[in-house]
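Chemist: Questions regarding the structure given below will be posed in turn.
The values are calculated or read from the model by the stated rules, or taken from the named source; none is laboratory data. The structure displayed is predicted, hence computed values, not measured ones. We place every Cβ from the backbone using ideal geometry, glycine too, and count neighbours over all the protein chains shown. Calculation scope for accessible area: heavy atoms of the full protein, side chains included, ligands and nucleic acids excluded. Shrake-Rupley method; radii C 1.70, N 1.55, O 1.52, S 1.80 Å.
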Amino acid sequence: MEDIAGVVSELLEQLATARDVPADSAPSEIVVSSLDQMRFLVGLEERLDVMLDVGDVLPFDLTDREALVKSVRELLVDSGVEL
C-alpha cells in the first residue's frame, strides 16, 4: 500500500491547484464543498486501488493535515483494508 500521508498530500495539492489556493493551505481551505470531498474520496480510491465504504456523511477530519491522514486511515480500516 502506498504511503497514506503522501497520497493525501498529493490529492490536496491537486485540489488546491483546481481551486487556485496555495497547496500548503489547511485542508478546510482546500476541501470546501461536498463535491470536493467526493473528488478527494474518488482520488483515494483510485490511488490506493480500493473501494471505501462510506455512509451519507464523508468522515474526513479537515482540521489539519495530520487529522485528515488519521481519518483516512480510520476509513480504510473501517472499510476492511489492511494497512
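Chemist: Kindly provide the set of residues from region 21-59 that are open to solvent by less than 50 Å² (accessible area, probe 1.4 Å), among the polar types (S, T, N, Q) and under 12 Å from the mean Cα position of the chain (by Cα), ordered by number.
Modeler: Taking region 21-59 as the starting set, the residues that turn out to be open to solvent by less than 50 Å² (accessible area, probe 1.4 Å) are 21, 23, 25-27, 30-31, 33, 36-37, 40-41, 43-45, 48, 50, 52, 54, 58.
Now drop any that are not among the polar types (S, T, N, Q), which leaves 25, 33, 37.
Correct list: Gln37 only.
Chemist: Another question, then. Name the residues in region 45-59 that are closer than 21 Å to Ala16 by Cβ and at pLDDT 90 or above, would you?
Modeler: Matches in region 45-59: Glu45, Glu46, Arg47, Leu48.
Chemist: Tally up the residues in region 32-44 that are modelled with pLDDT of 95 or more and not in a helix (DSSP H, G or I), please.
Modeler: So the answer is 0.
Chemist: While we're on this one: Quick one: in region 60-80, of everything that is over 10 Å from the mean Cα position of the chain (by Cα) and in a loop (DSSP other than H, G, I, E, B), which residue is surrounded by the fewest Cβ atoms within 10 Å (Cβ to Cβ)?
Modeler: Restricting to residues being over 10 Å from the mean Cα position of the chain (by Cα) and in a loop (DSSP other than H, G, I, E, B), the top hit is Gly80.
Chemist: Now for a different question. List every residue pair whose Cβ atoms lie under 9 Å apart, where the two residues are 6 or more positions apart in sequence or sit on different chains, the first residue falls within region 9-29 and is in contact (Cβ under 8 Å) with a residue 60 or more places away in the chain, and the second residue, located anywhere, is part of a loop (DSSP other than H, G, I, E, B) and of a type in the set (A, V, I, L, M, F, W, C).
Modeler: Pairs found: none.
Chemist: Hey, can you tell me all the residues within region 27-69 that are out of contact with any Ser or Thr (no Cβ under 9 Å at 6 or more places or on another chain) and more than 13 Å from Leu11 (Cβ to Cβ)?
Modeler: Glu29, Val32, Ser33, Ser34, Leu35, Asp49, Gly55, Asp56, Val57, Glu66, Ala67
Chemist: Filter region 1-20 for residues that are outside any helix (DSSP H, G or I) and within 18 Å of Asp49 (Cβ to Cβ); which is farthest from the chain's Cα centre (by Cα)?
Modeler: Filtering region 1-20 for residues outside any helix (DSSP H, G or I) gives 1-3, 20.
Of the ones still in play, those that are also within 18 Å of Asp49 (Cβ to Cβ) are 1-3.
On the way: Met1: 15, Glu2: 14, Asp3: 13 Å.
So the residue we want is Met1.
Chemist: Looking only at residues that are of a type in the set (Gly, Ala, Ser) and at pLDDT 95 or above in region 6-20, which one is most open to solvent (accessible area, probe 1.4 Å)? Before the answer, list the steps.
Modeler: Residues of region 6-20 that are of a type in the set (Gly, Ala, Ser), as a first pass: 6, 9, 16, 18.
Restricting the remaining residues to those that are at pLDDT 95 or above gives 6, 9, 16.
On the way: Gly6: 23, Ser9: 54, Ala16: 1 Å².
Step by step, filter region 6-20, then rank; the result is Ser9.
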